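Working notes, beginning with the structure itself.
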Amino acid sequence: MFNLDSALLDDIREVNLSYLMLAQRLLRESLPAGMFRLGFSADVADIVLNLSPAQIVKLAGSNSVLCAFRLNDAQLLASLTHEVLGGVLQQAHSTILMARHEPISA
């Protein structure tokens, strides 16, 4: 098992807590948009939406980062880092490329 120092564990827990709170907020504001932005399936979205504050704190206390970096395709990541038409269409280009990837399943 990896030995992480206390400050690093605190940072991971803080990221986890922020991520879970953001996920709930995005899903509450618009379920379809939140699912798309987070890459959640309907089942995962339902579970996250129904977490109590105590459950969120407990889950956030993990020593592993709960959110996943969705850009694990090197070609996709490289294409998103290059300006498209001088940056004018960068947001649209990013959204289209990300939409082509399937949501992360549980």
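Among (1) over 16 Å from ALA68 (Cα atoms); (2) in contact with a Pro (Cβ under 8 Å, 6 or more places away or on another chain), there is one condition GLY39 misses while meeting the rest; what is its number?
(1)
So ASP43 ticks every box in (1) free of Cβ contacts under 8 Å to residues at least 12 places away in the same chain; (2) exposed (fewer than 15 other Cβ atoms within 10 Å of the Cβ) but one. Which box is left unticked?
(1)
Somewhere in segment 66-74, is a residue modelled with pLDDT of 90 or more and not in a helix (DSSP H, G or I)? Reasoning before the result, please.
From segment 66-74, those modelled with pLDDT of 90 or more are 66-67; that's our starting set.
Subset that is not in a helix (DSSP H, G or I): 66-67.
Yes; the residues of segment 66-74 include at least one that is modelled with pLDDT of 90 or more and not in a helix (DSSP H, G or I).
Looking only at segment 1-36, count every residue that is within 14 Å of VAL65 (Cα to Cα) and in contact (Cβ under 8 Å) with a residue 60 or more places away in the chain and tell me the total.
Going through segment 1-36 one residue at a time, the tally reaches 0.
What number of residues in segment 1-20 are surrounded by fewer than 15 Cβ atoms within 10 Å (Cβ to Cβ) and either touching a helix residue (DSSP H, G or I) at 6+ places or on another chain (Cβ under 7 Å) or polar (S, T, N, Q) (or both)?
Qualifying residue count, segment 1-20: 3.
Matching residues to (1) in the same structural domain as ALA7 (by TED's automatic domain parsing); (2) modelled with pLDDT of 95 or more; (3) of a type outside the set (Ser, Thr, Tyr); (4) over 30 Å from ASP10 (Cα atoms):
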| site | (1), (2), (3), (4) |
| --- | --- |
| PHE40 | yes, no, yes, no |
| ALA54 | yes, yes, yes, no |
| LYS58 | yes, yes, yes, no |
| PRO103 | no, no, yes, no |
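The values are calculated or read from the model by the stated rules, or taken from the named source; none is laboratory data. Model, not experiment: these values are computed from the prediction. Counting neighbours? That spans all protein chains shown, and the Cβs are built from the backbone with ideal geometry, glycine included.
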